Every structure is written in C-alpha cells, then in structure tokens.
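FYI, it's all coordinate maths here, none of it is from the lab. Quantities reported herein were computed from a predicted structural model and do not represent experimental measurements. Cβ placement follows ideal geometry from the backbone for every residue including glycine, while neighbour counts extend to all protein chains displayed.
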Amino acid sequence: MAEPLISVIMAACNARRFLDEAIESIRAQTLTDWELIAVDDGSTDRTFERLQEWGRKDPRIWIFKTKKNSGPGAARDFALQHARARYIAFLDSDDMAMPDRLEKQLAFLRAHPDTVAVGSQAECIDEEGRKTGTKDFPLIPEKLYRLMYRFMPIQLPGVMIDRAKLPERFDWFEGWPFSEDTLLFFKLVQYGKLANLPDYLLKYRQYPGSVSAGIPRETFFRTHEARRRAVREMGYHPQLSDRFIASLQYAAVKILPPALIWKIYHPVRKWMMSEI
C-alpha cells in the first residue's frame, strides 16, 4: 500500500458525542491523500465501537485501542508509531478541521523549507457547535519563538508538522498527561521555525467537560516544567522579562482557586501577545 501524503493523529477518550463531526471534517478535506490514525484511550462510552464502524466504512481510517486510559500525550505517541506519512497533522476528537486545512498547510510547508510546523487561526465553538469567539495567533516565526515562554502561540489540534526535519528517533510527547503540546513545541523549534497561517482552519471546541478545562493547575505546572526543560536541555533562550512573567504566572496559579485560573488567563494572554 502506498504511503499517504499526510497522517492525521487523533486521540479519543469518551469522545462519542463529538467524534462523528471530527472524523467527517477530515473526510471532507479537499486534499484526499491522507490516513487517519485514531486511538481509543480507555473510553467507557462506546467510542471504540464507533471508531470501528468508521474504520469499516473508510479504508483510510486506522483504529487502535490502548489497554487503559493513559492520557492524550501517550495515546498520540502510540498513534505516531503507526503513522506512515512524512507530514503529521493533529486533530482532537472534539474539534473540527475546515475543508481546506490539510491542503493549505501542506502547501505552506512545501513552500517554506525552513519551517518545521505550521498552525492556523482557530474559531471557538461550544458544545452545540455554535461560534463563541476566536483564538488569534501571530504569524511571524520570530514572534512565536519569543512568545513561547509566556504562552504557547500555536494550537496543537490545528498543526501540521514536517517529520522529515526531525531525528529518526524523535520522542514526541514522552507520554505527558498535561501540557504535552508545550513540551512538543519547545522540541520542534530546535529543528525549524514555527508559523501560523492567517486562515481560520480549526474549529476548537471549548466546554466544561474538556480535558484542559478540568485541570488548570496541573496544566500550568506542567507548562512551567516544560519551559524549564527548554532552557536547560533544548537551548531555548527567553528574555529576562519573559522569565519574570512566567514566574508571576506560576505564583498566581499556586494561589488562585482553579475556577478563576482560566477566566483570568484569557484576557492576560491577549495582553501578553500585544506587548511583543
């Protein structure tokens, strides 16, 4: 069987409610030469059975199952072991890709050989799929690099990566349960630039039951650990002001009640981005 152009990685845990929309958004892509590798990560809501139905319906969809729930980082690592394509795209099982996402991101990576990963802008939606706002990210690689120590200016579920620029034994997520995307992007920037397209190519679902919404403190602590590792192990060089802001974030998260963390984070994120 010929290798596809793109491997789309999807980890799913109790995702039955939104799963069909996510998969349909990949099947509706204008670029059709892809494989979808979906891993059920210990679901209890018949997610795996629904994935199997999709696998029987479309031979481009490959279905796997973990022995127990291990978190999205470990589930994606498992899926990546089976990915055959040079280009790796991610999509979460409760999000949706716009129809031209894969086509536009592939064209960008081919036209910019110094770029290792490209994201996009994101349209935020609620549980019913209604638009609630947007997540806007910078386009200039130098700005993305600088912002990484304050917040991650690129969205993993909307990213495509050129695997040819990475070492053969690249350790993607190391099985991290939280902030695995932060760790990954600090690793990626060692091998090329990060970029974002100006297009809104991702529908990003935000709701109380999502993983990150339920564990803000653990997420931020893991983010802090990833930043420290980036400096210590990956040659990342934050400016003094960025170190200071990151320290303030860490202190605030230790003090604030979890319910307030995300409410405060989003307006602060906008301010931090505007300051650079």
What ³J(HN,Hα) values, in whole Hz, does the Karplus curve 6.51 cos²θ - 1.76 cosθ + 1.60 give for region 153-169 when θ = phi - 60°, with x put for Gly and Pro? x, 7, 9, 4, x, x, 9, 10, 10, 8, 5, 5, 8, 9, x, 4, 9
What angle, in degrees between 0 and 90 and rounded to the nearest 10, separates the Cα long axis of helix 16-27 from the longest principal axis of the Cα atoms of the chain? 80 degrees
Of VAL231, MET96, ASN14, farthest towards positive along the dipole that unit charges on Lys, Arg, Asp, Glu beta carbons give the chain: VAL231
Compute the acute angle (0 to 90°) between the alpha-carbon long axis of helix 101-111 and the principal axis of greatest extent of the alpha-carbon atoms of the chain; round to the nearest 10°. 70 degrees
Quotient of C-alpha Rg and 2.2 N^0.38 Å, computed over the chain: 0.96
Set the Förster radius R0 to 41 Å, insert the Cβ-Cβ distance between GLU21 and ARG110 as r into 1/(1 + (r/R0)^6), and round the FRET efficiency to 0.05. 0.90
Return the percentage of antiparallel bridges among DSSP beta bridges fully within region 6-208, rounded to the nearest 5 %. 30 percent
Measuring from the longest principal axis of the C-alpha atoms of the chain, the long axis of helix 47-57 (C-alpha) lies at a number of degrees, nearest 10, equal to 50 degrees
Where the centroid of each part is defined by its Cα atoms, how far is region 139-203 from region 1-75 in Å? 21 Å
Charge context of LEU80, other residues only, Cβ under 11 angstrom, K/R +1, D/E -1: +1
In whole Hz, what ³J(HN,Hα) sequence does region 80-90 give by Karplus (6.51, -1.76, 1.60; θ = phi - 60°), x for Gly and Pro? 5, 5, 9, 6, 9, 8, 5, 9, 10, 10, 10
Hey, rough spin-label estimate for PHE170 and SER247, points 7 angstrom out along Cα→Cβ, what's it come to in nanometres? 3.4 nm
Taking a temperature of 20 °C and a viscosity of 1.002 mPa s, what whole-number D in µm²/s does Stokes-Einstein yield for region 64-212 with Rh from Kirkwood over alpha carbon pairs? 135 µm²/s
Once Rh is set to the Kirkwood radius over Cα pairs, what Stokes-Einstein translational diffusion coefficient, in µm²/s, holds for region 1-131 at a temperature of 10 °C and a viscosity of 1.306 mPa s? 105 µm²/s
Length-normalised contact order of region 6-208 in % [C-alpha pairs under 8 Å, at least 6 apart]: 27 percent
Through the Karplus equation 6.51 cos²θ - 1.76 cosθ + 1.60, θ set to phi - 60°, convert the phi angles of region 228-239 into ³J(HN,Hα) values in whole Hz; use x for Gly and Pro. 5, 5, 4, 6, 6, 10, 10, x, 7, 10, x, 6
Of the trypsin sites (Lys or Arg not before Pro) in region 78-148, which ones lie in a loop per DSSP and count no more than 14 other C-beta atoms within 10 Å? ARG84, ARG130
